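First comes the structure, then the notes that go with it.
The values are calculated or read from the model by the stated rules, or taken from the named source; none is laboratory data. In this text, all values refer to a predicted model and were calculated from it rather than measured experimentally. Glycine gets a Cβ as well: all are built from the backbone with ideal geometry, and neighbour counts include every protein chain shown. Quick note on the areas: whole protein, heavy atoms, side chains included, nothing else; ligands and nucleic acids left out. Shrake-Rupley method; radii C 1.70, N 1.55, O 1.52, S 1.80 Å.
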Amino acid sequence: MRSIRAAAVGAVTMSLALAATACGGGSSSGGGSNDSPKELTYWASNQGASVEVDKKVLQPELDKFEKKTGIKVKLEVVPWSDLLNRILTATTSGQGPDVLNIGNTWSASLQATGALMPWDAKNFDTIGGKDRFVDSALGSTGVKDQDPAAVPLYSMAYALYYNKQMFADAGIAKPPATWDELVATGKKISKDGKWGLGAEGSNLSNNIHQVFVLGKQHGADFFTPDGKPDFTSDGAVAAVKQYVDLMATDKVVAPGNAEYAQNQSLSDFAKGKTAMVLWQTASATFKSMGMKDDEWGVAPAPVPSGTPGAGTATNSMVAGINMAVFKNTDNVDGATEFVKFMTSDDEQKILNKAYGSIPPVKAAQSDPAFNTQGTAVLRETLATSAAALPQVADESQFETAVGTAVKELFADAAAGRAVTDESVKAALAKAQQQMPTK
């Protein structure tokens, strides 16, 4: 993900040269990506264990949509490592897909580009109305008091997943509820080639999600109330240091995790190499990796008090995927019809079951599938102890700048270099300098 506007205009310009032909099907007229009203191009985010898993989940539903409407949907599943840069390239060139998935934390940033179709009351009415969606999901669709830039598709939350056998072997009776308990549990397990906790130091989004939540627990938001970056507050420094210290000081995370990218920590967990992982909505991924449902348990992510809630007891960001329509599409009606289909009650049940996520559509949540071991904790977290990342125009730049700072601090920890309050504050100050100036 490359998105810092100040250092990233160059990155986006470079990506234009690299991705001029890779930018999934923009039309020669500069509008949307379909050659006829009976065809749409859809960029889906990689939700499953692999791109191939996503194709197997999505293609039958796209075929169903084509049979129903006569509109063929050309699918491209884009890895998270490429998705934001691909979208930014499309917003710059004016050539992108008709419909695309976006991380809900990017909504305000992409809204500011003007490249996405606003979801005003009229547009929401065409898909059944805004009141079909839960409030927490709508809260991450763009800047407050503006028409949303996207529609919620999948809702997710972070939880603590643990390996039951590894816990039993170490004599651990229950999952940790506090960070002190997590570290103590991790130390009991971190020996003989096994590790207590998995992390993904090179996964910028995951870095941000973890330190944002820890920031809330330390009373920091990373942005001031008027939307200005505030990366070097005592709470922000404490949050980042606590996260990196899981490797640097507590030594419950393997040094090699500093180089891990998306899903590598889940792979280690599924193979019994690590006993715990903090992840959003992982049950379907575990199954696709060959792990049986009775081999893992799930509990709320830790908070200092052990009791999740609001404020300093926040234990997850409001995670999820939104669906947007590229404003330059030459098939607005078809694109809107596709969004209506994907957010229909029946499709919401099918898709969210497949991914182990929670439907942001209220009526779909009544399905018993969303009150199982893998989903009940997530529903409760979203309802009571999750907070939305800042809905500010520079949020995606924040993810890149601070996510990279955390990545570099993990690299220091893995190499045995000291990670101190001073070095953390310096890394965050450098990140703040990379943010756009108003």
> (1) modelled with pLDDT of 95 or more; (2) open to solvent by 50 Å² or more (accessible area, probe 1.4 Å): which one isn't true of Gln348, the others all being true?
Replying inline: (2)
> From the set of residues in region 69-105 that are under 16 Å from Ser45 (Cβ atoms), assigned to a loop (DSSP other than H, G, I, E, B) and open to solvent by less than 30 Å² (accessible area, probe 1.4 Å), which is modelled with the lowest pLDDT?
Replying inline: Gly96
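Hey, could you check region 186-208 for residues that are more than 23 Å from Ser81 (Cα to Cα) and out of contact with any Gly (no Cβ under 7 Å at 6 or more places or on another chain) and say which is surrounded by the fewest Cβ atoms within 10 Å (Cβ to Cβ)?
Keep residues of region 186-208 that are more than 23 Å from Ser81 (Cα to Cα), which gives 186-196.
When the remaining residues are screened for being out of contact with any Gly (no Cβ under 7 Å at 6 or more places or on another chain), the result is 188, 191-195.
Values: Lys188: 17, Lys191: 10, Asp192: 5, Gly193: 7, Lys194: 17, Trp195: 26.
Only one residue fits best here, namely Asp192.
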> Condition test on Gln365, is it open to solvent by less than 30 Å² (accessible area, probe 1.4 Å), polar (S, T, N, Q) and either touching a Pro at 6+ places or on another chain (Cβ under 6 Å) or not in a loop (DSSP other than H, G, I, E, B) (or both)?
Replying inline: no
> If you take the residues of region 266-309 that are among the β-branched types (Val, Ile, Thr) and modelled with pLDDT under 95, which of them is nearest to Leu378 (Cα to Cα)?
Replying inline: Thr281
> Which helices (runs of 4 or more DSSP H) does region 112-172 wholly contain that include 2 or more residues that are touching an Asp or Glu at 6+ places or on another chain (Cβ under 9 Å)?
Replying inline: 121-126, 164-169
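Could you check, for region 420-427, whether at least one of its residues is of a type in the set (S, T, N, Q), outside any helix (DSSP H, G or I) and in contact with a Ser or Thr (Cβ under 8 Å, 6 or more places away or on another chain)?
Let us first name the residues in region 420-427 that are of a type in the set (S, T, N, Q), namely 420, 423.
Imposing the further condition that a residue be outside any helix (DSSP H, G or I) reduces the set to 420.
Next, only the ones that are in contact with a Ser or Thr (Cβ under 8 Å, 6 or more places away or on another chain) stay: none.
There is no residue in region 420-427 that is of a type in the set (S, T, N, Q), outside any helix (DSSP H, G or I) and in contact with a Ser or Thr (Cβ under 8 Å, 6 or more places away or on another chain).
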> Which residue pairs have Cβ atoms under 8 Å apart, sit 6 or more places apart or on different chains, and have a first residue in region 178-192 that is among the aromatic types (Phe, Trp, Tyr) and a second that is outside any helix (DSSP H, G or I)?
Replying inline: Trp179/Pro302; Trp179/Val303; Trp179/Pro304
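So, in region 368-394, of the ones that are in a loop (DSSP other than H, G, I, E, B), under 16 Å from Gly320 (Cα atoms) and among the polar types (S, T, N, Q), which residue ends up most open to solvent (accessible area, probe 1.4 Å)?
Narrowing region 368-394 to residues in a loop (DSSP other than H, G, I, E, B): 372, 385, 388-394.
Now drop any that are not under 16 Å from Gly320 (Cα atoms), which leaves 385, 388-391.
Filter again for among the polar types (S, T, N, Q), leaving 385, 391.
Values: Ser385: 4, Gln391: 38 Å².
My answer is Gln391.
Can you tell which of Asp54, Asp135 is under 21 Å from the mean Cα position of the chain (by Cα), under 30 Å from Glu380 (Cβ atoms), open to solvent by less than 50 Å² (accessible area, probe 1.4 Å) and free of Cβ contacts under 8 Å to residues at least 24 places away in the same chain? Break it down into steps so the answer makes sense when it comes.
On the way: Asp135 fails: open to solvent by less than 50 Å² (accessible area, probe 1.4 Å).
Going through Asp54, Asp135 in turn, the sole match is Asp54.
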> Any idea which of Val183, Val211 is open to solvent by 20 Å² or more (accessible area, probe 1.4 Å), aliphatic (A, V, I, L, M) and either closer than 24 Å to Ala405 by Cβ or not in a loop (DSSP other than H, G, I, E, B) (or both)?
Replying inline: Val183
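Is it true that Thr21 is surrounded by fewer than 19 Cβ atoms within 10 Å (Cβ to Cβ), in a helix (DSSP H, G or I) and at pLDDT below 95?
no
Quick test for you: out of Gln397, Gln434, pick the one residue that is in contact (Cβ under 8 Å) with a residue 60 or more places away in the chain and open to solvent by 40 Å² or more (accessible area, probe 1.4 Å).
Values: Gln397 fails: open to solvent by 40 Å² or more (accessible area, probe 1.4 Å).
It is Gln434.
Only one of Asn257, Asn263 is at pLDDT below 95, under 18 Å from Phe410 (Cα atoms) and open to solvent by less than 30 Å² (accessible area, probe 1.4 Å); which? It would help to see each step written out before you state the result.
Numbers: Asn257 fails: at pLDDT below 95.
Exactly one residue qualifies, and that residue is Asn263.
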> Ala236 fails exactly one of the following numbered conditions: (1) farther than 23 Å from Ala418 by Cα; (2) of a type outside the set (Ser, Thr, Tyr); (3) open to solvent by less than 10 Å² (accessible area, probe 1.4 Å); (4) assigned to a helix (DSSP H, G or I). What is the number of that condition?
Replying inline: (1)
> So which residues in region 296-342 are surrounded by fewer than 23 Cβ atoms within 10 Å (Cβ to Cβ), at positive phi and part of a strand (DSSP E or B), if there are any at all?
Replying inline: none
> Considering region 106-123 alone, what residues qualify as being modelled with pLDDT of 95 or more and aromatic (Phe, Trp, Tyr)?
Replying inline: Trp119
